[in-house]
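Scroll down for the structure; my scribbles are underneath it.
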Amino acid sequence: MGKEYFAHKTAVIDDGCSIGKGTKIWHFTHIMPGCEIGEKCNIGQNVVVSPQVRLGKNVKVQNNVSIYTGVICEEDVFLGPSMVFTNIINPRSSVIRKDEYMKTYVEKGASIGANATIICGIRIGKYAFIGAGAVVNKDVKPYSLVVGNPGRPIGWMSEFGHRLLFDKKGSAQCSESKEKYILKDGVVNKIKDAD
């Protein structure tokens, strides 16, 4: 049986990887041993996916991204051009710390902008939106909009990627999808329609 994914002829895919059906891997990308890549992912040009990284279904990885060991991305995550994850808090060239890799979790639907840096050991909540160039060193709440260095929350985003403007009652509506959200005690949740 032939492979059910596409890999450009310049891509390097090491043995022991699991790559889902319909995934596309582009020019000069290196997928290292033990990676799990879900269905319908798109891995751009010049990307490094280190050993044991897990990417869920429909993850979009833009060009020049480094995803290091310890990173887990759930489905529908977007990783912008040249963003980078880290996996050691205190790296030194002369000190081997491979047994100290820290886990970083990116939950479903989160987007990380171009040139952002994600410091290891944190969790980025579902549908969070990390602005271009941000340096994120703390956990990010679901639906948060985070910008700057160090990264700081400045608002909230819908699942469609639009700014949510909450009224005095803590209600907001996405301008595109018309889905409704509620903000209570610093936590945003989407309101599910009654059946």
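The values are calculated or read from the model by the stated rules, or taken from the named source; none is laboratory data. Bear in mind the structure is a predicted one, so any value in this text is a computation, not a measurement. Reconstructed Cβ throughout: ideal geometry from the backbone, glycine too, with neighbour counts over all protein chains shown.
Values for this structure:
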quantity: Among the candidates N63, N58, residue that is closer than 16 Å to K108 by Cα, under 16 Å from the mean Cα position of the chain (by Cα) and part of a loop (DSSP other than H, G, I, E, B); calculated: N58
quantity: In the stretch 96-121, residue nearest to G148 (Cα to Cα) [restricted to those that are modelled with pLDDT under 95 and not in a loop (DSSP other than H, G, I, E, B)]; calculated: E100
quantity: Residue list for the stretch 37-55, filter: outside any strand (DSSP E or B), of a type in the set (A, V, I, L, M, F, W, C) and within 20 Å of I122 (Cα to Cα); calculated: V53
quantity: Check on N149, under 30 Å from M32 (Cα atoms), modelled with pLDDT of 95 or more, surrounded by fewer than 22 Cβ atoms within 10 Å (Cβ to Cβ) and more than 12 Å from the chain's Cα centre (by Cα); calculated: no
quantity: Scan of the stretch 1-50 for residues that are of a type in the set (D, E) and within 21 Å of the chain's Cα centre (by Cα), ordered by number; calculated: E36, E39
quantity: Any hit, the stretch 101-113, residues being assigned by TED's automatic domain parsing to the domain that holds E75, farther than 22 Å from E75 by Cα and touching a residue at least 24 places away in the same chain (Cβ under 8 Å); calculated: yes
quantity: Filter result (in contact with an Asp or Glu (Cβ under 7 Å, 6 or more places away or on another chain) and on the phi > 0 side of the Ramachandran plot) within the stretch 87-119; calculated: G109
quantity: Filter pass, Y143 being touching a strand residue (DSSP E or B) at 6+ places or on another chain (Cβ under 6 Å) and at positive phi; calculated: yes
quantity: Flag if E100 is among the charged types (D, E, K, R) and surrounded by 20 or more Cβ atoms within 10 Å (Cβ to Cβ); calculated: no
quantity: The listed residue being closer than 30 Å to F160 by Cβ, among the β-branched types (V, I, T) and crowded, with 17+ Cβ neighbours inside 10 Å, out of I88, I31, I13, I25; calculated: I25
quantity: Given (1) surrounded by fewer than 17 Cβ atoms within 10 Å (Cβ to Cβ); (2) in a strand (DSSP E or B); (3) among the small types (G, A, S), index of the condition A172 fails; calculated: (1)
